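A short worksheet on the structure shown next.
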Amino acid sequence: MYVVITSLLMACSSDKSGTYVLINAISQIDTSNKVQQLHEYDSPYTICYQNPDGTYSFYVFSSPIQYKTSNGYEIIDNTVVESSDKNYTFENKANNIKTYFPVSLSDSFKIAHNDDFLEFKVQDDVTGFSEAKKLMYTNMYGDIVSAVIYERSDMDMVFYPTKAGIKSEIVLKEKTEVNQYIFSVTGNSNNYQNNQNGYILFKDGKRNVGLIYAPLIKGTKEKYDEDGNNFSLHSTFDVVHENNNYTVSVKIDDNLINNESTYPVKFDPSIELYLSKQPDSGVYSKQEKTNSYLKSISIIGNSDSLGMGIQYIRFRFNYFLSCDPNSVISSFYHIRSLSNFSSCEKIYIYKLNKDWSSTGLNWNNKIDYGEKITDQIIDKSKNIKFEITEFTKKCFSDKTWMTESNGVLLKGSDNNTYRVFTSSDNSLYSPYVEINLKSLPSSFTCREDINPSN
(Lines give C-alpha, C1' and ligand atoms only; values in the text may rest on other atoms or scores of the structure.)
Protein backbone atom coordinates (compact mmCIF):
# COMPACT_ATOMS: atom_id res chain seq x y z
CA MET A 1 0.00 0.00 0.00
CA TYR A 2 1.24 3.48 -0.87
CA VAL A 3 0.62 7.14 -0.09
CA VAL A 4 1.05 10.94 -0.59
CA ILE A 5 1.15 14.38 1.23
CA THR A 6 0.24 18.21 2.50
CA SER A 7 -0.17 21.41 4.91
CA LEU A 8 -2.45 24.71 5.57
CA LEU A 9 -3.31 27.67 7.88
CA MET A 10 -5.82 28.98 10.42
CA ALA A 11 -9.14 30.55 11.39
CA CYS A 12 -11.33 33.35 10.05
CA SER A 13 -14.29 32.01 11.96
CA SER A 14 -15.13 29.46 14.61
CA ASP A 15 -18.23 27.83 15.96
CA LYS A 16 -19.08 27.39 19.65
CA SER A 17 -17.14 24.11 19.81
CA GLY A 18 -13.92 25.88 18.83
CA THR A 19 -13.74 24.47 15.29
CA TYR A 20 -11.86 26.89 13.04
CA VAL A 21 -12.43 27.44 9.34
CA LEU A 22 -8.98 27.46 7.73
CA ILE A 23 -9.46 29.14 4.36
CA ASN A 24 -7.02 32.04 4.00
CA ALA A 25 -3.57 32.64 5.40
CA ILE A 26 -4.69 35.13 8.06
CA SER A 27 -7.52 32.95 9.33
CA GLN A 28 -6.03 33.07 12.83
CA ILE A 29 -6.91 36.76 13.09
CA ASP A 30 -10.42 37.88 13.93
CA THR A 31 -10.85 40.81 11.54
CA SER A 32 -14.56 41.31 12.23
CA ASN A 33 -13.83 44.12 14.72
CA LYS A 34 -11.30 45.98 12.55
CA VAL A 35 -12.09 49.28 10.82
CA GLN A 36 -9.84 48.84 7.80
CA GLN A 37 -6.67 47.22 6.52
CA LEU A 38 -3.79 49.67 6.04
CA HIS A 39 -2.13 48.47 2.83
CA GLU A 40 0.93 50.69 3.21
CA TYR A 41 2.06 48.20 5.90
CA ASP A 42 1.67 45.13 3.68
CA SER A 43 4.53 42.71 3.11
CA PRO A 44 4.69 38.93 2.66
CA TYR A 45 4.91 38.58 6.45
CA THR A 46 2.93 41.55 7.80
CA ILE A 47 -0.55 43.02 7.84
CA CYS A 48 -1.92 46.04 9.75
CA TYR A 49 -5.40 47.15 10.79
CA GLN A 50 -6.96 50.24 12.32
CA ASN A 51 -9.12 49.50 15.37
CA PRO A 52 -12.45 51.17 16.24
CA ASP A 53 -10.86 53.07 19.18
CA GLY A 54 -8.23 54.70 16.97
CA THR A 55 -5.40 52.33 17.89
CA TYR A 56 -3.66 49.96 15.48
CA SER A 57 -2.91 46.24 15.37
CA PHE A 58 0.23 45.19 13.51
CA TYR A 59 0.79 41.47 12.86
CA VAL A 60 4.11 39.80 12.04
CA PHE A 61 3.71 36.20 10.81
CA SER A 62 6.51 33.67 10.92
CA SER A 63 6.11 32.79 7.22
CA PRO A 64 4.46 34.50 4.23
CA ILE A 65 0.74 35.21 4.43
CA GLN A 66 0.58 37.51 1.37
CA TYR A 67 2.05 37.38 -2.13
CA LYS A 68 3.02 40.13 -4.53
CA THR A 69 0.80 41.02 -7.49
CA SER A 70 0.83 43.82 -10.05
CA ASN A 71 -1.53 45.74 -7.74
CA GLY A 72 0.35 45.25 -4.47
CA TYR A 73 -0.09 42.35 -2.05
CA GLU A 74 -2.90 39.84 -1.89
CA ILE A 75 -3.73 37.51 1.00
CA ILE A 76 -3.11 33.83 0.23
CA ASP A 77 -6.41 31.97 -0.24
CA ASN A 78 -6.30 28.17 0.09
CA THR A 79 -9.81 27.55 -1.21
CA VAL A 80 -10.04 24.66 -3.70
CA VAL A 81 -11.48 25.78 -7.06
CA GLU A 82 -11.85 24.25 -10.51
CA SER A 83 -8.53 24.22 -12.35
CA SER A 84 -7.79 26.28 -15.44
CA ASP A 85 -5.20 23.64 -16.40
CA LYS A 86 -6.84 20.87 -18.45
CA ASN A 87 -4.44 18.30 -16.94
CA TYR A 88 -5.99 18.76 -13.48
CA THR A 89 -9.46 19.01 -11.99
CA PHE A 90 -8.82 21.41 -9.05
CA GLU A 91 -6.28 24.00 -7.91
CA ASN A 92 -5.79 26.54 -5.12
CA LYS A 93 -7.54 29.88 -5.50
CA ALA A 94 -4.92 32.57 -4.87
CA ASN A 95 -1.19 32.21 -4.24
CA ASN A 96 2.07 32.59 -6.14
CA ILE A 97 2.69 28.93 -5.26
CA LYS A 98 0.17 26.92 -7.30
CA THR A 99 -1.14 23.51 -6.25
CA TYR A 100 -2.89 21.13 -8.66
CA PHE A 101 -5.08 18.10 -7.95
CA PRO A 102 -5.80 15.31 -10.50
CA VAL A 103 -9.13 13.68 -11.30
CA SER A 104 -7.75 10.25 -10.39
CA LEU A 105 -5.15 8.96 -7.90
CA SER A 106 -3.48 7.22 -10.83
CA ASP A 107 -2.27 10.69 -11.94
CA SER A 108 0.15 13.15 -10.34
CA PHE A 109 -0.33 16.12 -8.03
CA LYS A 110 1.79 19.22 -8.68
CA ILE A 111 3.20 22.16 -6.70
CA ALA A 112 4.85 24.96 -8.71
CA HIS A 113 6.43 28.38 -8.22
CA ASN A 114 8.43 29.98 -11.06
CA ASP A 115 11.01 27.33 -12.08
CA ASP A 116 10.66 25.27 -8.90
CA PHE A 117 8.22 22.38 -8.85
CA LEU A 118 7.45 19.09 -7.15
CA GLU A 119 5.16 16.39 -8.53
CA PHE A 120 4.08 13.38 -6.51
CA LYS A 121 2.00 10.28 -7.18
CA VAL A 122 0.54 7.35 -5.28
CA GLN A 123 2.45 4.19 -6.20
CA ASP A 124 0.01 1.49 -5.06
CA ASP A 125 -2.92 -0.05 -6.85
CA VAL A 126 -5.56 2.69 -6.59
CA THR A 127 -8.36 0.52 -7.91
CA GLY A 128 -11.63 1.27 -6.15
CA PHE A 129 -10.91 4.89 -5.23
CA SER A 130 -13.46 7.42 -6.38
CA GLU A 131 -12.58 10.32 -8.62
CA ALA A 132 -11.69 13.60 -6.93
CA LYS A 133 -14.47 15.42 -5.09
CA LYS A 134 -14.28 18.88 -3.55
CA LEU A 135 -15.55 19.31 0.00
CA MET A 136 -15.20 21.21 3.27
CA TYR A 137 -13.35 18.69 5.42
CA THR A 138 -12.78 18.53 9.18
CA ASN A 139 -9.12 17.60 9.59
CA MET A 140 -7.53 15.51 12.35
CA TYR A 141 -7.00 18.68 14.45
CA GLY A 142 -10.72 19.44 14.42
CA ASP A 143 -10.65 22.36 11.97
CA ILE A 144 -12.42 22.82 8.63
CA VAL A 145 -10.38 23.03 5.41
CA SER A 146 -11.23 23.29 1.72
CA ALA A 147 -10.10 19.92 0.40
CA VAL A 148 -10.17 17.21 -2.27
CA ILE A 149 -11.12 13.65 -1.29
CA TYR A 150 -10.62 10.26 -2.96
CA GLU A 151 -12.73 7.59 -1.25
CA ARG A 152 -12.55 3.81 -0.96
CA SER A 153 -14.31 1.37 1.37
CA ASP A 154 -11.19 0.71 3.48
CA MET A 155 -9.55 4.16 3.39
CA ASP A 156 -9.89 7.76 2.28
CA MET A 157 -7.15 10.01 0.93
CA VAL A 158 -7.74 13.72 1.51
CA PHE A 159 -5.56 16.52 0.12
CA TYR A 160 -5.72 20.27 0.65
CA PRO A 161 -3.65 23.32 -0.34
CA THR A 162 -1.41 25.18 2.07
CA LYS A 163 0.64 28.35 1.80
CA ALA A 164 3.58 26.32 0.48
CA GLY A 165 2.16 23.11 -1.00
CA ILE A 166 -0.22 20.26 -0.31
CA LYS A 167 -1.12 18.47 2.90
CA SER A 168 -2.57 14.99 2.86
CA GLU A 169 -4.62 13.22 5.46
CA ILE A 170 -4.79 9.46 5.11
CA VAL A 171 -7.74 7.86 6.91
CA LEU A 172 -7.46 4.11 7.55
CA LYS A 173 -11.03 3.04 8.25
CA GLU A 174 -10.32 -0.56 9.20
CA LYS A 175 -7.43 -2.64 10.54
CA THR A 176 -4.58 -3.29 8.12
CA GLU A 177 -1.32 -5.20 8.40
CA VAL A 178 0.51 -2.63 6.26
CA ASN A 179 2.35 0.15 8.10
CA GLN A 180 4.42 1.49 5.20
CA TYR A 181 3.11 3.94 2.62
CA ILE A 182 5.02 4.81 -0.55
CA PHE A 183 4.81 7.56 -3.16
CA SER A 184 7.03 8.86 -5.95
CA VAL A 185 8.33 12.44 -6.15
CA THR A 186 9.92 14.28 -9.07
CA GLY A 187 11.06 17.88 -9.39
CA ASN A 188 13.93 20.20 -10.19
CA SER A 189 16.05 19.06 -7.23
CA ASN A 190 19.17 16.94 -7.76
CA ASN A 191 19.93 15.80 -4.20
CA TYR A 192 18.30 15.45 -0.80
CA GLN A 193 18.93 15.20 2.95
CA ASN A 194 17.21 12.70 5.23
CA ASN A 195 18.47 12.91 8.80
CA GLN A 196 15.33 11.30 10.30
CA ASN A 197 14.70 14.63 12.06
CA GLY A 198 11.13 15.21 10.95
CA TYR A 199 11.57 16.14 7.30
CA ILE A 200 13.24 15.29 3.98
CA LEU A 201 14.88 18.29 2.33
CA PHE A 202 15.11 18.43 -1.48
CA LYS A 203 17.96 20.57 -2.83
CA ASP A 204 19.24 21.95 -6.13
CA GLY A 205 22.95 22.09 -5.43
CA LYS A 206 23.11 24.03 -2.15
CA ARG A 207 19.73 25.72 -2.67
CA ASN A 208 16.69 24.43 -0.80
CA VAL A 209 13.81 23.52 -3.12
CA GLY A 210 11.20 21.61 -1.12
CA LEU A 211 10.39 19.42 1.85
CA ILE A 212 8.39 16.41 2.88
CA TYR A 213 7.20 16.61 6.48
CA ALA A 214 6.75 13.52 8.62
CA PRO A 215 3.17 13.01 9.79
CA LEU A 216 1.63 13.11 13.17
CA ILE A 217 -0.40 9.93 13.66
CA LYS A 218 -3.73 9.88 15.46
CA GLY A 219 -5.92 7.06 16.68
CA THR A 220 -9.46 7.51 17.96
CA LYS A 221 -8.69 6.61 21.58
CA GLU A 222 -9.24 9.49 23.98
CA LYS A 223 -5.95 8.75 25.67
CA TYR A 224 -3.27 7.18 23.49
CA ASP A 225 -0.48 7.19 26.09
CA GLU A 226 -0.09 7.78 29.82
CA ASP A 227 0.54 11.50 29.26
CA GLY A 228 -2.93 11.88 27.80
CA ASN A 229 -1.53 12.56 24.32
CA ASN A 230 -3.67 11.08 21.54
CA PHE A 231 -1.03 11.64 18.84
CA SER A 232 1.99 9.48 18.05
CA LEU A 233 5.36 10.90 16.98
CA HIS A 234 6.63 7.53 15.74
CA SER A 235 7.21 7.67 11.97
CA THR A 236 10.32 7.25 9.82
CA PHE A 237 11.31 8.00 6.21
CA ASP A 238 13.14 5.87 3.66
CA VAL A 239 14.21 7.32 0.29
CA VAL A 240 15.50 5.76 -2.93
CA HIS A 241 16.98 8.38 -5.27
CA GLU A 242 17.67 7.98 -8.99
CA ASN A 243 18.38 11.09 -11.10
CA ASN A 244 15.61 13.56 -10.12
CA ASN A 245 13.20 10.79 -9.15
CA TYR A 246 12.59 9.82 -5.53
CA THR A 247 10.67 6.92 -4.06
CA VAL A 248 9.68 7.83 -0.52
CA SER A 249 8.19 5.47 2.05
CA VAL A 250 6.65 6.56 5.34
CA LYS A 251 6.56 3.94 8.07
CA ILE A 252 4.05 4.71 10.82
CA ASP A 253 3.55 3.56 14.40
CA ASP A 254 3.06 -0.24 14.72
CA ASN A 255 1.24 0.24 18.04
CA LEU A 256 -1.57 2.12 16.32
CA ILE A 257 -1.71 -0.02 13.17
CA ASN A 258 -1.86 -3.29 15.11
CA ASN A 259 -4.44 -2.17 17.67
CA GLU A 260 -7.92 -2.61 16.24
CA SER A 261 -9.49 -0.44 18.94
CA THR A 262 -7.65 2.68 17.68
CA TYR A 263 -9.32 2.74 14.24
CA PRO A 264 -9.91 4.81 12.27
CA VAL A 265 -6.24 5.81 12.22
CA LYS A 266 -5.26 9.11 10.58
CA PHE A 267 -1.89 10.59 9.60
CA ASP A 268 -0.87 13.68 7.64
CA PRO A 269 2.42 13.86 5.70
CA SER A 270 2.95 17.05 3.70
CA ILE A 271 4.92 18.04 0.62
CA GLU A 272 5.81 21.70 0.13
CA LEU A 273 8.15 24.09 -1.60
CA TYR A 274 10.71 25.82 0.59
CA LEU A 275 9.77 29.24 2.01
CA SER A 276 11.90 31.81 3.77
CA LYS A 277 10.56 32.23 7.29
CA GLN A 278 11.21 33.69 10.73
CA PRO A 279 14.10 31.70 12.18
CA ASP A 280 13.44 29.12 14.88
CA SER A 281 14.91 25.75 15.77
CA GLY A 282 13.97 22.85 18.03
CA VAL A 283 16.62 20.86 19.87
CA TYR A 284 16.12 17.42 21.43
CA SER A 285 18.22 15.49 23.93
CA LYS A 286 17.90 12.19 22.01
CA GLN A 287 19.04 13.89 18.79
CA GLU A 288 22.21 15.40 20.21
CA LYS A 289 23.91 16.36 16.95
CA THR A 290 20.88 16.66 14.64
CA ASN A 291 19.56 20.04 13.58
CA SER A 292 15.78 20.45 13.20
CA TYR A 293 15.46 24.05 12.04
CA LEU A 294 13.00 23.11 9.26
CA LYS A 295 10.79 20.86 11.37
CA SER A 296 7.11 21.86 11.05
CA ILE A 297 6.33 21.09 14.70
CA SER A 298 8.09 21.72 18.00
CA ILE A 299 7.86 19.22 20.83
CA ILE A 300 8.14 21.05 24.16
CA GLY A 301 8.80 18.92 27.24
CA ASN A 302 9.91 15.31 27.57
CA SER A 303 8.83 12.63 25.05
CA ASP A 304 9.98 9.02 24.85
CA SER A 305 11.04 9.29 21.19
CA LEU A 306 12.93 12.62 21.27
CA GLY A 307 13.78 13.14 24.93
CA MET A 308 13.71 16.68 26.30
CA GLY A 309 12.66 19.25 23.71
CA ILE A 310 13.03 23.05 23.74
CA GLN A 311 12.37 25.60 21.00
CA TYR A 312 14.52 28.63 20.08
CA ILE A 313 12.63 31.52 18.49
CA ARG A 314 13.94 34.70 16.86
CA PHE A 315 11.57 37.62 16.18
CA ARG A 316 11.82 40.19 13.37
CA PHE A 317 10.06 43.38 14.58
CA ASN A 318 12.84 45.79 13.63
CA TYR A 319 13.09 44.28 10.15
CA PHE A 320 9.78 45.99 9.41
CA LEU A 321 9.17 48.79 11.92
CA SER A 322 10.90 51.82 13.35
CA CYS A 323 8.68 52.23 16.38
CA ASP A 324 8.58 54.27 19.56
CA PRO A 325 8.53 51.69 22.41
CA ASN A 326 6.12 53.96 24.33
CA SER A 327 3.59 53.49 21.54
CA VAL A 328 3.30 49.76 22.28
CA ILE A 329 0.08 49.07 24.20
CA SER A 330 0.44 45.29 24.26
CA SER A 331 2.13 42.48 22.38
CA PHE A 332 1.32 38.77 22.20
CA TYR A 333 3.01 35.71 20.71
CA HIS A 334 0.38 33.33 19.27
CA ILE A 335 1.12 29.66 18.69
CA ARG A 336 -1.03 26.61 17.97
CA SER A 337 -1.05 23.50 20.17
CA LEU A 338 -1.65 20.29 18.19
CA SER A 339 -1.61 17.68 20.94
CA ASN A 340 -4.46 17.23 23.41
CA PHE A 341 -3.68 16.68 27.08
CA SER A 342 -6.07 15.65 29.82
CA SER A 343 -4.26 17.76 32.42
CA CYS A 344 -2.86 21.29 32.55
CA GLU A 345 0.76 22.00 31.75
CA LYS A 346 2.83 25.16 32.22
CA ILE A 347 4.98 26.47 29.35
CA TYR A 348 7.66 29.11 29.93
CA ILE A 349 9.28 31.74 27.71
CA TYR A 350 12.83 32.80 28.63
CA LYS A 351 15.02 35.56 27.24
CA LEU A 352 18.24 34.57 25.46
CA ASN A 353 21.38 36.64 25.96
CA LYS A 354 23.51 35.20 23.12
CA ASP A 355 23.10 34.99 19.36
CA TRP A 356 22.63 31.61 17.68
CA SER A 357 22.30 30.08 14.22
CA SER A 358 19.04 28.30 13.50
CA THR A 359 20.75 26.17 10.83
CA GLY A 360 23.49 24.94 13.17
CA LEU A 361 21.83 24.65 16.58
CA ASN A 362 21.57 21.25 18.27
CA TRP A 363 21.40 19.82 21.80
CA ASN A 364 25.19 19.73 22.17
CA ASN A 365 25.69 23.43 21.39
CA LYS A 366 22.43 24.82 22.75
CA ILE A 367 22.38 28.33 24.24
CA ASP A 368 21.57 28.73 27.94
CA TYR A 369 18.54 30.84 28.72
CA GLY A 370 18.34 33.99 30.87
CA GLU A 371 15.50 35.70 32.74
CA LYS A 372 11.92 34.46 32.49
CA ILE A 373 9.71 36.65 30.32
CA THR A 374 6.38 34.93 30.97
CA ASP A 375 4.67 31.61 31.52
CA GLN A 376 1.32 30.24 30.55
CA ILE A 377 -0.83 27.39 31.87
CA ILE A 378 -1.82 25.27 28.88
CA ASP A 379 -5.10 23.39 29.10
CA LYS A 380 -6.99 21.92 26.13
CA SER A 381 -7.05 25.21 24.24
CA LYS A 382 -5.96 25.05 20.61
CA ASN A 383 -4.52 28.54 20.36
CA ILE A 384 -2.04 29.67 22.98
CA LYS A 385 -1.25 33.34 23.61
CA PHE A 386 1.82 34.55 25.53
CA GLU A 387 2.06 38.20 26.56
CA ILE A 388 5.47 39.61 25.57
CA THR A 389 4.74 43.36 25.83
CA GLU A 390 7.82 44.38 27.82
CA PHE A 391 10.09 42.19 25.70
CA THR A 392 8.71 43.79 22.52
CA LYS A 393 9.37 47.27 23.94
CA LYS A 394 12.97 46.24 24.69
CA CYS A 395 13.33 45.01 21.11
CA PHE A 396 12.26 48.40 19.73
CA SER A 397 14.51 50.21 22.24
CA ASP A 398 17.58 48.21 21.18
CA LYS A 399 18.88 49.94 18.05
CA THR A 400 21.47 47.16 17.55
CA TRP A 401 18.55 44.71 16.98
CA MET A 402 20.36 42.17 19.20
CA THR A 403 17.51 41.76 21.74
CA GLU A 404 15.20 40.42 19.06
CA SER A 405 18.03 38.62 17.25
CA ASN A 406 18.96 36.69 20.41
CA GLY A 407 15.28 35.95 20.79
CA VAL A 408 13.57 33.67 23.28
CA LEU A 409 13.36 30.06 24.39
CA LEU A 410 10.13 28.06 24.75
CA LYS A 411 10.45 25.45 27.50
CA GLY A 412 8.12 23.07 29.35
CA SER A 413 8.00 22.02 32.98
CA ASP A 414 10.68 19.61 34.15
CA ASN A 415 8.48 16.51 34.19
CA ASN A 416 7.64 13.65 31.83
CA THR A 417 4.92 15.33 29.79
CA TYR A 418 5.18 17.17 26.49
CA ARG A 419 3.11 19.30 24.12
CA VAL A 420 3.23 19.45 20.34
CA PHE A 421 3.24 23.02 19.01
CA THR A 422 3.59 24.42 15.50
CA SER A 423 6.90 25.92 14.42
CA SER A 424 7.63 28.73 11.98
CA ASP A 425 7.73 26.15 9.18
CA ASN A 426 4.16 25.01 9.77
CA SER A 427 2.17 26.50 6.90
CA LEU A 428 -1.13 25.17 8.22
CA TYR A 429 -0.99 26.97 11.59
CA SER A 430 1.53 29.80 11.42
CA PRO A 431 2.82 31.35 14.67
CA TYR A 432 2.58 35.14 14.74
CA VAL A 433 3.09 38.21 16.92
CA GLU A 434 0.30 40.76 17.47
CA ILE A 435 1.53 44.26 18.38
CA ASN A 436 -1.12 46.79 19.45
CA LEU A 437 -0.03 50.42 19.01
CA LYS A 438 -1.24 53.84 20.14
CA SER A 439 0.05 55.40 16.92
CA LEU A 440 1.49 54.22 13.64
CA PRO A 441 5.26 53.55 13.52
CA SER A 442 7.56 56.28 12.28
CA SER A 443 8.64 54.17 9.28
CA PHE A 444 7.95 50.80 7.68
CA THR A 445 10.15 48.63 5.47
CA CYS A 446 8.54 46.09 3.16
CA ARG A 447 10.98 43.19 3.36
CA GLU A 448 10.21 40.28 1.07
CA ASP A 449 12.50 37.63 2.54
CA ILE A 450 13.75 36.61 5.97
CA ASN A 451 16.99 34.63 5.95
CA PRO A 452 16.48 31.57 8.20
CA SER A 453 20.22 31.16 8.77
CA ASN A 454 20.39 34.47 10.66
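Remarks
- From the list Asp379, Asp355, Asp449, the lone residue that is in contact (Cβ under 8 Å) with a residue 12 or more places away in the chain, closer than 15 Å to Ser281 by Cα, among the acidic types (Asp, Glu) and out of contact with any strand residue (DSSP E or B) (no Cβ under 7 Å at 6 or more places or on another chain) is Asp355.
- Scope segment 233-279; condition among the small types (Gly, Ala, Ser) and surrounded by fewer than 22 Cβ atoms within 10 Å (Cβ to Cβ); matching residues: Ser235, Ser249, Ser261, Ser276
- Taking segment 157-271 and the strands (runs of 3 or more DSSP E) fully enclosed by it, the elements with 2 or more residues that are under 24 Å from the mean Cα position of the chain (by Cα) and over 29 Å from Lys382 (Cα atoms) are at 180-187, 191-194, 199-204, 207-213, 235-242, 245-252.
- Test for Ile149: is it closer than 18 Å to Leu105 by Cα and modelled with pLDDT of 95 or more: yes
- Looking across segment 427-445, just one residue is part of a loop (DSSP other than H, G, I, E, B), out of contact with any Leu (no Cβ under 9 Å at 6 or more places or on another chain) and surrounded by 15 or more Cβ atoms within 10 Å (Cβ to Cβ), and that is Pro431.
- Restricting segment 110-133 to residues that are among the charged types (D, E, K, R) and part of a strand (DSSP E or B), the residue that is surrounded by the fewest Cβ atoms within 10 Å (Cβ to Cβ): Lys133
- Extreme residue, nearest to Val209 (Cα to Cα), among residues of segment 173-187 that are crowded, with 16+ Cβ neighbours inside 10 Å and either at pLDDT below 95 or of a type in the set (Gly, Ala, Ser) (or both): Gly187
- Residue check for Thr400: surrounded by 16 or more Cβ atoms within 10 Å (Cβ to Cβ) and either of a type in the set (S, T, N, Q) or not in a loop (DSSP other than H, G, I, E, B) (or both): no
- Inspection of segment 96-119 finds a residue satisfying the criterion of being more than 25 Å from Phe183 (Cα to Cα) and assigned by TED's automatic domain parsing to the domain that holds Asn188.
- Test: residue in segment 331-341 that is among the aromatic types (Phe, Trp, Tyr), modelled with pLDDT of 95 or more, within 30 Å of Ser439 (Cβ to Cβ) and crowded, with 22+ Cβ neighbours inside 10 Å: yes
- With respect to the conditions (1) in contact with a helix residue (DSSP H, G or I) (Cβ under 8 Å, 6 or more places away or on another chain); (2) within 30 Å of Asn291 (Cα to Cα); (3) hydroxyl-bearing (Ser, Thr, Tyr), Ser189 falls short on a single one, namely (1).
- Against the criterion of being assigned by TED's automatic domain parsing to the domain that holds Thr220 and not in a strand (DSSP E or B), Met136 does not qualify.
- Residue list for segment 229-275, restricted to those being in contact (Cβ under 8 Å) with a residue 60 or more places away in the chain and among the charged types (D, E, K, R): Lys251, Asp253, Asp254, Glu260, Lys266, Asp268, Glu272
- Where Ser43 falls short, out of the listed (1) assigned to a loop (DSSP other than H, G, I, E, B); (2) at pLDDT below 95: (2)
- Of all the residues in segment 272-287, those that are of a type in the set (D, E, K, R) and not in a strand (DSSP E or B) number 2.
- Whether a residue is more than 23 Å from Leu428 (Cβ to Cβ) and either assigned by TED's automatic domain parsing to the domain that holds Gln180 or among the hydrophobic types (A, V, I, L, M, F, W, C) (or both) was assessed, and Asp253 does not pass this test.
The values are calculated or read from the model by the stated rules, or taken from the named source; none is laboratory data. Predicted model, so just to flag it, every value in this text is computed and none were measured. For neighbour counting, all protein chains shown are included, and Cβ atoms are generated from backbone atoms with ideal geometry for every residue, glycine included.
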